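This report concerns only the one structure given below.
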Amino acid sequence: MYYVNVEQIRQRLEAIPEIADTLTLLAEGWSGSLLEGMAQERALHLAIETVTDIGSFLIDGFIMRDASSYEDLVDIIAEEHVFAKELHEPLMALVKLRKPLVQYYYEWPRTEWHELSSVLPELLQRFKTAVEQYLERELPA
């Protein structure tokens, strides 16, 4: 029997609407200010951490193969059919932003709108729904 920390997964899933709403609000009034850029940067970072945290909890709980990197984590949960195939590429693009955001933050172009920020609200909602459906399928009631 698996021990899946559903409470921790759900806490992270509950953060998704706020992240998506933030990116939507930023897109509506984007002027490229430093404040907006920092908000976008943080929203992207939170989106990455949310996806990777959820992926880690799923991998640990369902005893999937160990991930060797953040990108591998996305590959594993894709292979396990946690989400639809069409989400794999954009989720991978999101996770690949982690290194520049966290390690090379001093080079990040804060006043530029990142193209992924436009698709993330829908992407994150689809990821959230997919994870919820996966948990319903895989865990006994």
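Every read-out reported here was derived from the displayed coordinates using simple, explicitly stated rules and does not represent laboratory data. Treat the numbers as computed from the prediction; the structure is a model and nothing was measured. Here the Cβ is made from the backbone with ideal geometry for all residues, glycine too, and neighbour counts use every protein chain on show.
Couple of notes before you dig in:
- Residues located in segment 68-84, provided they are farther than 17 Å from Gln125 by Cβ and surrounded by fewer than 18 Cβ atoms within 10 Å (Cβ to Cβ): Ser68, Ser69, Glu71, Asp72, Glu79, Glu80, His81
- Residues (more than 11 Å from Ile16 (Cβ to Cβ) and assigned to a helix (DSSP H, G or I)) located in segment 125-140: Ala130, Gln133, Tyr134, Leu135, Glu136, Arg137, Glu138
- The helices (runs of 4 or more DSSP H) found entirely in segment 25-124 that carry 2 or more residues being free of Cβ contacts under 8 Å to residues at least 60 places away in the same chain, over 17 Å from Arg12 (Cα atoms) and under 15 Å from the mean Cα position of the chain (by Cα) are 70-79, 88-96, 98-102.
- Residue in segment 99-108 that is β-branched (Val, Ile, Thr) and surrounded by fewer than 17 Cβ atoms within 10 Å (Cβ to Cβ) present: yes
- Residue list for segment 8-66, filter: closer than 19 Å to Leu135 by Cα and hydroxyl-bearing (Ser, Thr, Tyr): Thr50, Thr52, Ser56
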